[in-house]
Amino acid sequence: MDKLEKMFGSMVIKQRWWIIVATVLIVAAAGGGMQHLKFNNDTRVFFSKENPQLQALEALENTYNKTNNVLFAIAPKNGDVFTRETLAAVEELTELLWQMPYSSRVNSITNFQHTRAQEDDLIVEDLVQGAGNLSDDDLLRIKRIALSEPLLMNRLLSPAGHVTGVSVIILAPGKSLNETPKVAAFARKIADDFRKKHPGIKLYLTGGVMMDNAFGEAGLKDMTTLVPLMLLTLVVIVGLSLRSFAGTFATLIIILISMVTGMGMAGWLRIMITAASSSAPTIILTLAVADSVHVLATIFQQIHQGNSKYEAIAESVRINLQPIFLTSITTVIGFLTMNFSDAPPFRDLGNIVAMGVSAAFVYSVLFLPALMAVIPVRVKPKPDEAVCAGCDRLASFVINRRKVVFWGSLVVIVALTAGMLRIELNDNWIKYFDKSYDIRRASDFTEENLTGFHIIEYSLESGETGGINNPDFLTTVAKFAGWYRQQSKVVNVNTITDTMKRLNKNMHADDESYYRIPEERNLAAQYLLLYEMSLPFGLDLNNQINVDKSATRMIVTLKDTSTTELRATDENARAWLQANAPQSMFTYGSGLSVIWAHLSQRNINSMLGASFVALVLISAILTLALRSLKLGLVSLIPNLTPALMAYGIWGLTVGQVGLGLSVIAAMTLGIVVDDTVHFMSKYIRARREHNLNPAGAVRYAFNTVGTAMWITTLALVAGFMVLALSGYNMNADMGLLSALTISLALILDFLFLPTLLMKVEGKKYELLDKKANATTIDRHDSVFAPVSVGSSSRDS
């Protein structure tokens, strides 16, 4: 292996121009795929085709229709919806919104189909007509009707009558990715015009379509703001650490072409960019830095030792080829295991980053040395300069106080890991955006004042054609709706039974005592037929009953609820149906909220399997590379515990883990291995090549690779902290927890890993001896000190 590494280093120097030309061509070819990158702003992209809840929702929507909407929440500043000015504005807006692209239905309090009896006739008409000319008595009558109508309350009208809504149902054909942005742009134009025309009315724009559009905008915003910020951050960190223009420039080139390659390959593979996978460029930039730092660190140190530039480059490649390969392959494995995720965007994120990291490895061991061989490098030889004083002091502290450090670290590990017990699996897709986004502010206002966004839908089967007219079936549906209305967090239940009750009352001269389910099937069928024939175009009942009238749809709206509560509510509803409804009527709740509620739980389960697979593969690789089963097993502890500790801290401070954080353990496992690999490779080199005892080998590892470890960790943490600045909370939380995990990994590699190695291997040796206290750094393995490029080491 040593001979192969030497030959490889020499080959890179000899073929440097061919390597540079080949790299340029490869980057150009791969980067050409970026023209094919497109944003997918459909929230359903988070659900795999195999998702059973998604399959159930699609079956329900095929029977009825989709409920994806744009919701205009209207709040008059005088706090009263029922004025001529406000009702006229709502009436005008309702008519205008029929022109929205792909609109299939517009619902508001003004066009609500109110029914009343007039002698022997059933009158079906808009609740509000000619609002500007209404009398005071008309306003009072409309207010009384609206505030008593269950189909309006907490759906399109607040109980206090201070906020109302206009909902536009969108049925886009799904043939273009531009459909959602087109609808959103139209809605925003309408909203802006409305605000200018009615300054006394506040308008908030929300709904499923606007939420979908926000996902795409969040991804685009992250890519256009965080990537430049990440580049600036990395340039500053690397520049201050290397104190070399050539090294900083070379590092910048490597991370850029790695990102271009990864994203370009994603384009060629037609991988859609989503809000979740939009973090891939930032992550690639961050991870690509580590390889470059290790290569450049050794180059500068070797030049300080008095070697020529070519000798230093060849030696750097020889020393770093194996550890960089190991760290790259383990990182790639970690991200590839994200393919176990139940959410396709995380699979895409893992694959894109894996391609970028693979490219970074190739460029770091081929293009980077070749580039450094042809550009000027100004580093003066300083053969007598001392080793990194900070690393040596830390090594002395760990060696001299190994027992205290070991047991103290173990106590902290156990204590922080115990915090995982306080974690609750919970998600709220509305809260994915911080309050810098209009959609978040509008949704918060709407949920606080008008209606909820969490929906559970049911298709309730009667078991026979025309069965929805069966009084027994309708009574059971009404009881089910009544049970739901008694549940906490439920604000509205939309069901055909309320319409049936109203029709029965209307057909009995509006006698309130007849506000109940018709007693005879024929009467129910006649009432429903008469009502349907009277409805205007676009406001029919196809969204509530199926074609052969054998089933009806019931929509339950909840607000301020967690995914845990949502799952529990659906389970209780199934139990109610099991106990109180015929077998034909039993069904599972569906809807986007139900899918989200189950997704984080499903993803946690799938990613546990992914983490196990990653652990097995990485352990096998490390065991083979270290050529020691014992050391391979030892390396598992500092690789596993950082994620557990980070989750523990998260449980103690935040308490909730959602979809975005469910992938962290598998994703970071391959990253935190990097420092462990570099530390242990130097430790083993000291043990085998220099015949040092464990304490001496630990000091050797600290002095040879300690500086590079904290610099690369600083770059990684900075990169993920930049991601934490995202206004899209899924990415922000993922960045924050990743940064925490990587920081903990470095602490464990500096404190716990060395003491563990000495405890496992140090029983045959004295605690400290003269040889261990000596500085034993081989000139070929030294690394620059951070305060002065190329701090050299004394030969042992």
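The values are calculated or read from the model by the stated rules, or taken from the named source; none is laboratory data. Quick caveat: nothing in here was measured; it's all calculated off a predicted structure. A quick note on method: Cβ atoms are made from the backbone with ideal geometry, for glycine too, and the neighbour counts reach across all protein chains shown. Keep in mind that these areas ignore ligands, DNA and RNA; they rest on the heavy atoms of the full protein, side chains included. Shrake-Rupley method; radii C 1.70, N 1.55, O 1.52, S 1.80 Å.
Among what's in segment 662-681 and is open to solvent by less than 10 Å² (accessible area, probe 1.4 Å) and either touching an Asp or Glu at 6+ places or on another chain (Cβ under 8 Å) or among the aromatic types (Phe, Trp, Tyr) (or both), pick the residue that is nearest to residue 427 (Cα to Cα).
676
Would you be able to tell me the number of residues in segment 329-349 that are buried (at least 24 other Cβ atoms within 10 Å of the Cβ), in a helix (DSSP H, G or I) and at pLDDT below 90? Working first, answer last.
To start, the set of residues in segment 329-349 that are buried (at least 24 other Cβ atoms within 10 Å of the Cβ) comprises 330-331, 334-335, 337-338, 341, 343, 345-346, 348-349.
Remaining after also requiring in a helix (DSSP H, G or I): 330-331, 334-335, 337-338, 345-346, 348-349.
Subsequent filtering for residues that are at pLDDT below 90 retains 330-331, 334-335, 337-338, 345-346.
Selection size over segment 329-349: 8.
Return yes when residue 259 is modelled with pLDDT of 90 or more, open to solvent by 10 Å² or more (accessible area, probe 1.4 Å), part of a helix (DSSP H, G or I) and hydrophobic (A, V, I, L, M, F, W, C) and no when it is not.
Numbers: modelled with pLDDT of 90 or more: yes; open to solvent by 10 Å² or more (accessible area, probe 1.4 Å): yes; part of a helix (DSSP H, G or I): yes; hydrophobic (A, V, I, L, M, F, W, C): yes.
Yes: the conditions hold for residue 259.
Restricting attention to segment 213-238, and to residues there that are modelled with pLDDT under 85 and in contact with a strand residue (DSSP E or B) (Cβ under 7 Å, 6 or more places away or on another chain), which single residue is surrounded by the fewest Cβ atoms within 10 Å (Cβ to Cβ)?
Among residues in segment 213-238 that are modelled with pLDDT under 85 and in contact with a strand residue (DSSP E or B) (Cβ under 7 Å, 6 or more places away or on another chain), the one surrounded by the fewest Cβ atoms within 10 Å (Cβ to Cβ) is 220.
Yes/no per residue for (1) among the aliphatic types (A, V, I, L, M); (2) more than 16 Å from residue 417 (Cα to Cα):
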| position | (1), (2) |
| --- | --- |
| 619 | no, yes |
| 627 | no, yes |
| 637 | yes, no |
| 640 | yes, no |
| 643 | yes, no |
| 648 | no, no |
| 672 | yes, yes |
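Scan segment 159-182 for residues that are modelled with pLDDT of 95 or more and closer than 13 Å to residue 212 by Cβ and report the count.
0
Looking only at segment 546-567, filter to residues that are in contact with a helix residue (DSSP H, G or I) (Cβ under 6 Å, 6 or more places away or on another chain) and either outside any loop (DSSP other than H, G, I, E, B) or of a type in the set (Val, Ile, Thr) (or both); which one of those is farthest from residue 491 (Cα to Cα)? Steps first, please.
The initial filter retains those residues of segment 546-567 that are in contact with a helix residue (DSSP H, G or I) (Cβ under 6 Å, 6 or more places away or on another chain), namely 546, 549-550, 552, 556, 559, 563, 566-567.
Subsequent filtering for residues that are either outside any loop (DSSP other than H, G, I, E, B) or of a type in the set (Val, Ile, Thr) (or both) retains 552, 556, 563, 566-567.
On the way: 552: 20, 556: 8, 563: 16, 566: 13, 567: 17 Å.
Here the answer is 552.
Could you please find all residues in segment 446-475 being open to solvent by 30 Å² or more (accessible area, probe 1.4 Å), of a type in the set (D, E, K, R), within 38 Å of the chain's Cα centre (by Cα) and under 30 Å from residue 586 (Cβ atoms)? Break it down into steps so the answer makes sense when it comes.
Residues of segment 446-475 that are open to solvent by 30 Å² or more (accessible area, probe 1.4 Å), as a first pass: 448-449, 455, 461, 463-465, 470, 472, 475.
After this cut, where a residue has to be of a type in the set (D, E, K, R) as well, the list is 448, 461, 464, 472.
After this cut, where a residue has to be within 38 Å of the chain's Cα centre (by Cα) as well, the list is 448, 461.
If the condition is that a residue be open to solvent by 30 Å² or more (accessible area, probe 1.4 Å), of a type in the set (D, E, K, R), within 38 Å of the chain's Cα centre (by Cα) and under 30 Å from residue 586 (Cβ atoms), then 461 is the only one that fits.
Hey, can you tell me all the residues within segment 476-515 that are surrounded by fewer than 16 Cβ atoms within 10 Å (Cβ to Cβ) and either of a type in the set (Gly, Ala, Ser) or over 20 Å from residue 159 (Cβ atoms) (or both)?
Correct list: 479, 482, 488, 508, 509, 510, 511, 512, 513.
Restricting to segment 14-49, what's the tally of residues that are without any contact (Cβ under 8 Å) to a residue 40 or more places away in the chain and either in contact with a Cys (Cβ under 8 Å, 6 or more places away or on another chain) or not in a helix (DSSP H, G or I) (or both)?
Adding up the residues that qualify gives 1.
Kindly check whether there is at least one residue in segment 72-90 that is basic (Lys, Arg), within 30 Å of residue 509 (Cα to Cα), without any contact (Cβ under 8 Å) to a residue 60 or more places away in the chain and touching a Gly at 6+ places or on another chain (Cβ under 9 Å). Walk me through how you get there before you give the answer.
In the first step, residues of segment 72-90 are kept if they are basic (Lys, Arg); the result is 77, 84.
This time we only want the ones that are within 30 Å of residue 509 (Cα to Cα), so: 84.
Subset that is without any contact (Cβ under 8 Å) to a residue 60 or more places away in the chain: 84.
Subset that is touching a Gly at 6+ places or on another chain (Cβ under 9 Å): 84.
Yes: segment 72-90 contains one or more residues that are basic (Lys, Arg), within 30 Å of residue 509 (Cα to Cα), without any contact (Cβ under 8 Å) to a residue 60 or more places away in the chain and touching a Gly at 6+ places or on another chain (Cβ under 9 Å).
Every residue in segment 164-179 that is more than 17 Å from residue 106 (Cα to Cα) and in contact (Cβ under 8 Å) with a residue 24 or more places away in the chain, please. Working first, answer last.
Residues of segment 164-179 that are more than 17 Å from residue 106 (Cα to Cα), as a first pass: 173-179.
Answer for segment 164-179, where residues must be more than 17 Å from residue 106 (Cα to Cα) and in contact (Cβ under 8 Å) with a residue 24 or more places away in the chain: 173, 177, 179.
Of all residues in segment 569-591, which are assigned to a helix (DSSP H, G or I), open to solvent by less than 70 Å² (accessible area, probe 1.4 Å) and touching a residue at least 24 places away in the same chain (Cβ under 8 Å)? Outline the logic, then answer.
First pass over segment 569-591, keeping only residues assigned to a helix (DSSP H, G or I): 569-580, 583-585.
From what is left, the residues that are open to solvent by less than 70 Å² (accessible area, probe 1.4 Å) are 569-570, 573-577, 584-585.
569, 570, 573, 576, 577, 584, 585 - these are the residues of segment 569-591 that are assigned to a helix (DSSP H, G or I), open to solvent by less than 70 Å² (accessible area, probe 1.4 Å) and touching a residue at least 24 places away in the same chain (Cβ under 8 Å).
Among the residues of segment 66-82, which ones are surrounded by 18 or more Cβ atoms within 10 Å (Cβ to Cβ), touching a strand residue (DSSP E or B) at 6+ places or on another chain (Cβ under 7 Å) and over 23 Å from residue 214 (Cα atoms)?
Of everything in segment 66-82, those that are surrounded by 18 or more Cβ atoms within 10 Å (Cβ to Cβ), touching a strand residue (DSSP E or B) at 6+ places or on another chain (Cβ under 7 Å) and over 23 Å from residue 214 (Cα atoms) turn out to be 76, 81.
Is it the case, given these coordinates, that residue 443 is of a type outside the set (Val, Ile, Thr), modelled with pLDDT of 85 or more and open to solvent by 40 Å² or more (accessible area, probe 1.4 Å)?
On the way: of a type outside the set (Val, Ile, Thr): yes; modelled with pLDDT of 85 or more: yes; open to solvent by 40 Å² or more (accessible area, probe 1.4 Å): no.
In short, no.
Consider residue 603 against the criteria (1) open to solvent by less than 30 Å² (accessible area, probe 1.4 Å); (2) under 19 Å from residue 48 (Cβ atoms); (3) modelled with pLDDT of 80 or more: it satisfies all of them except one. Which criterion is unmet?
Unmet for residue 603, out of (1) open to solvent by less than 30 Å² (accessible area, probe 1.4 Å); (2) under 19 Å from residue 48 (Cβ atoms); (3) modelled with pLDDT of 80 or more: (3).
What do you reckon, is residue 441 among the basic types (Lys, Arg) and either more than 30 Å from residue 725 (Cα to Cα) or without any contact (Cβ under 8 Å) to a residue 40 or more places away in the chain (or both)? Full working, then the answer.
On the way: among the basic types (Lys, Arg): yes; either more than 30 Å from residue 725 (Cα to Cα) or without any contact (Cβ under 8 Å) to a residue 40 or more places away in the chain (or both): no.
Against the criterion (among the basic types (Lys, Arg) and either more than 30 Å from residue 725 (Cα to Cα) or without any contact (Cβ under 8 Å) to a residue 40 or more places away in the chain (or both)), residue 441 does not qualify.
Hey, among the residues in segment 448-465 that are assigned to a loop (DSSP other than H, G, I, E, B) and small (Gly, Ala, Ser), which one's nearest to residue 157 (Cα to Cα)? Break it down into steps so the answer makes sense when it comes.
So in segment 448-465, the residues assigned to a loop (DSSP other than H, G, I, E, B) come out as 450-453, 462-465.
Narrowing the set further to residues that are small (Gly, Ala, Ser) leaves 452, 462-463.
Numbers: 452: 12, 462: 31, 463: 34 Å.
Ranking the candidates gives 452 first.
Looking at 752, 702, can you tell me which residue is closer than 22 Å to residue 404 by Cα, among the aromatic types (Phe, Trp, Tyr), surrounded by fewer than 24 Cβ atoms within 10 Å (Cβ to Cβ) and touching a Leu at 6+ places or on another chain (Cβ under 9 Å)? Steps first, please.
On the way: 702 fails: surrounded by fewer than 24 Cβ atoms within 10 Å (Cβ to Cβ).
Testing whether each residue is closer than 22 Å to residue 404 by Cα, among the aromatic types (Phe, Trp, Tyr), surrounded by fewer than 24 Cβ atoms within 10 Å (Cβ to Cβ) and touching a Leu at 6+ places or on another chain (Cβ under 9 Å) leaves just 752.
Quick check on my filter: what residues within segment 423-440 are modelled with pLDDT under 90, charged (D, E, K, R) and either touching a strand residue (DSSP E or B) at 6+ places or on another chain (Cβ under 7 Å) or buried (at least 20 other Cβ atoms within 10 Å of the Cβ) (or both)?
Of segment 423-440, the ones modelled with pLDDT under 90 are 423-437.
In the following step, the residues that additionally are charged (D, E, K, R) were identified as 424, 427, 431, 434-435.
Selection gives 424, 427.
With the structure loaded, tell me whether residue 174 is over 30 Å from residue 502 (Cβ atoms), in contact with a Lys or Arg (Cβ under 6 Å, 6 or more places away or on another chain) and open to solvent by 20 Å² or more (accessible area, probe 1.4 Å) or whether it fails that test.
On the way: over 30 Å from residue 502 (Cβ atoms): yes; in contact with a Lys or Arg (Cβ under 6 Å, 6 or more places away or on another chain): no; open to solvent by 20 Å² or more (accessible area, probe 1.4 Å): yes.
Spelling it out, it is not the case that residue 174 is over 30 Å from residue 502 (Cβ atoms), in contact with a Lys or Arg (Cβ under 6 Å, 6 or more places away or on another chain) and open to solvent by 20 Å² or more (accessible area, probe 1.4 Å).
Considering each of 324, 313 in turn, give the residue that is touching a residue at least 60 places away in the same chain (Cβ under 8 Å) and assigned to a helix (DSSP H, G or I). Even if it seems obvious, please write down each step before you answer.
On the way: 324 fails: touching a residue at least 60 places away in the same chain (Cβ under 8 Å).
It is 313.
Report yes if some residue within segment 403-415 is modelled with pLDDT of 85 or more, of a type outside the set (A, V, I, L, M), more than 24 Å from residue 640 (Cβ to Cβ) and surrounded by fewer than 17 Cβ atoms within 10 Å (Cβ to Cβ); otherwise report no. Outline the logic, then answer.
Our first condition is that a residue be modelled with pLDDT of 85 or more; within segment 403-415, this holds for 403-415.
Pick out the ones that are also of a type outside the set (A, V, I, L, M) and you get 403, 406-409.
Next, only the ones that are more than 24 Å from residue 640 (Cβ to Cβ) stay: none.
No; the residues of segment 403-415 include none that is modelled with pLDDT of 85 or more, of a type outside the set (A, V, I, L, M), more than 24 Å from residue 640 (Cβ to Cβ) and surrounded by fewer than 17 Cβ atoms within 10 Å (Cβ to Cβ).
Determine which member of the set 191, 187, 218 is farther than 13 Å from residue 73 by Cα and among the aliphatic types (A, V, I, L, M).
Working: 191 fails: farther than 13 Å from residue 73 by Cα; 187 fails: farther than 13 Å from residue 73 by Cα.
Answer to the selection: 218.
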